1. Per residue Cα convex hull volume for chain A, in cubic angstrom?
2. By the scheme Lys and Arg +1, Asp and Glu -1, what is the net charge of all other residues having a beta-carbon under 12 Å from that of A:Val212?
3. Comparing A:Gln84, A:Gln293, A:Gln74, which has the greatest mean-square fluctuation in the GNM of chain A with Cα pairs linked when under 10 Å apart?
4. Select from chain B the helices, each a whole stretch of DSSP H, whose alpha-carbon atoms run 20 Å or more along the helix axis and whose Kyte-Doolittle mean is at least 0.0; answer none if there are none.
5. Between beta-carbons, use under 9 Å as the cut-off and find the net charge around B:Ala226, counting Lys and Arg +1, Asp and Glu -1.
6. Just tell me which aspartates and glutamates come within less than 18 Å, Cα to Cα, of A:Lys246; anything on the same chain fewer than 8 places away is out.
7. Dipole of the protein assembly as shown (Lys/Arg Cβ +1, Asp/Glu Cβ -1, origin at the Cα centre): which of A:Gln79, A:Gly279, B:Ile6 lies farthest to the positive side?
8. Could you pull the Rg and Dmax for the protein assembly as shown, using just the Cα atoms, both in Å?
Amino acid sequence: MMFRPNRRRLLGLGTAAAAALAAPSLVRAQAREIVVGGPAGMAGLMRDEVIPPFERASGIRVLYEGSRSAVNLQKLQTQKDRPQLSVVMMDEDIMMRAGNEQLLTAAATAGVPEMGRIMPASIARDGLWIRYKTPRSAIAYNTRRVPGGIASWAAVWGPEFRGRLMVPHMSITSTVQLLCVAAHLATGKPFQEAQYEVDAGFRKLREIKPNVLGFYTAGQQAQTLLEQGEAFAVPAEISSYVLMRKSEGVPIDLNTPTEGSFALPSAIALVNRGPQQDGAQAFVNHMLTVPIQRLWATRLFDSPAHPGVDAGPGILPADRMFNMDWEFVSTNRPAWIQRFDREIAA
Amino acid sequence: MTQQRIDPVAWLAAPAAAYFLVVLGLPLALLLAASFRTGDGIGLAHYARILGDPFERGVILATLRYAALVTLACAVFGYVYAYAMARASAAVQALLLVAIVLPMTVSVIVKTFGWTILLRSNGPVNSALLAIGAIDEPLRLLFTETGLVFGTASILLPYMVLPVFAVLRQIPPEQHDAAATLGAAPVEAFIRVVLPLTLPGVIAGVAIVFSMTVSAYVIPSLLTGAGYKTLSKAIANAFLVIYNPGLGAAAGVILLAIAMAIVMAAGAAAARLGRTA
């Protein structure tokens, strides 16, 4: 039978089309749902083990959008007037920038009771963001290529690593720690003072160039080459990735440098004027509970924020890692990125 | 004077035109507006910075060089492939066509990661060169311009092969035979008869491959990381890393202008060939 359009049929079709288009938002409004923006590397663990128990207990559906911290910040900036994210998980210096731009709102124990049970040092700016775990940053190396391990940060400047290092670009947060190490090696000052010796750091970083196989902006690029032995080492890589892969039998490890390891806090925050604020607070609270905190320690080998969770052997407590001045990093990083491009990665 | 009426059939293009106006024209207009926005108001500061800074100019030149090398590689290898395909028997032609089209169904990320395996120090390329005694020790191919050019060319090769093949298959073999009858050697017959007739296909392929290379982001990011600077990487950097959307928008406009200039030049060259043919 041929379709013969008339006014009534067209009106009917229009109504049906409008209903079909509006249906997703109507359904979304009825079912409680929050959108969480977090690291892409944690997407699997979040979707498989962190989010399901929360959804079962609360009846709130969680959509996890995995991306880089910089991309999550841009989402917050572009959606400032009508945010779609309710919760955001980013590196601390990016979180600082979001906080300065009034893109976040403080959490309190009334809505997030677990805040009263975690280590006080984990709460930043009166709850504007919370360091829910602290990965350790040091040198990742292939155990077949470097069977004796790597004792110190200074070693990766040595000739045995010529053309065999995958070095992170300055747009990756851990690179600021490599800059601090370079400044420390150049000046002999402790990390606490060396982190401000930026010029000396850049001068020393230039000396590492003959050892560089490539500068990466996507972690997986370096990780693949490291695991296959094309790259011998990746300076400034984090425990969450290295130790998890090591536990799966991949021949890589994270060293404990004589000069010390760095803390790279993972932070979580409520989005200012984000939808479903109560659901968002419940999710942040869930991230701080003992079972989930234990998950960070046992699966990711990161230092938990909850004192009731035994981190286990091999996991350095957050207070024994050097934590950089993230305010200083956040202010200067855009300029460092441009300088890195011109002086180091050129 | 009689008023020329618009063919009613032409209105069928209206929905597509409206769609492109919204999804392409509007974002481009916003991009253009953003490129003039500076901290103090409106001006050309971002363009002055890009065009006045030797480092930024170097990025533009590196992008053009990369696109030119990839286009050259595609033109050489693609033409030979298309010629062989046009001259092959029906069965072999079908096989060659599948071989060139099938990789297009695979994600560019997968193909690029495949190249990182090929280019490793102990990968197939180095192993083959070592085996035939061409080199004494493995070459460094990963994160180099050589690896980038060959990796990109292999991925974009179909976009050169297909337009050249489309033109080649329309040339009757008798033309080549006629040239031979008139005394032209095979090479001369190819250069004076076949090549000029296939130039419209080559120009189309050049326009497509050059435009795709000049704006490529994923391939250079995966094959060279942050070491090899291109305009597309600079745009992403400006928006996502140094938080300077005006600079990123200006770089985007420059990239668009380069791509448009190439496409328009190719269009003009094809039209000129059409007139002289």
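Every number in this text was worked out from the coordinates using simple rules, so none of it is lab data. Keep in mind that what you see is a predicted model, and the values were worked out from it rather than measured. Note: ideal-geometry Cβ built from the backbone for every residue, glycine included; neighbour counts use all protein chains shown.
1. Numbers: hull volume 65.3 nm³, N = 346.
About 189 Å³ per residue, rounded to a whole number.
2. Charge balance near A:Val212 sits at +4.
3. In the Gaussian network model the winner is A:Gln74.
4. Those that clear 20 Å and a mean of 0.0 are B:54-87, B:145-168, B:195-214, B:245-276.
5. +1
6. The qualifying aspartates and glutamates are A:Glu227, A:Glu230, A:Glu237, A:Asp302.
7. Projecting each Cα onto the dipole axis, the largest value belongs to B:Ile6.
8. For the protein assembly as shown, the Cα radius of gyration and maximum Cα-Cα distance read 28.9, 95 Å.
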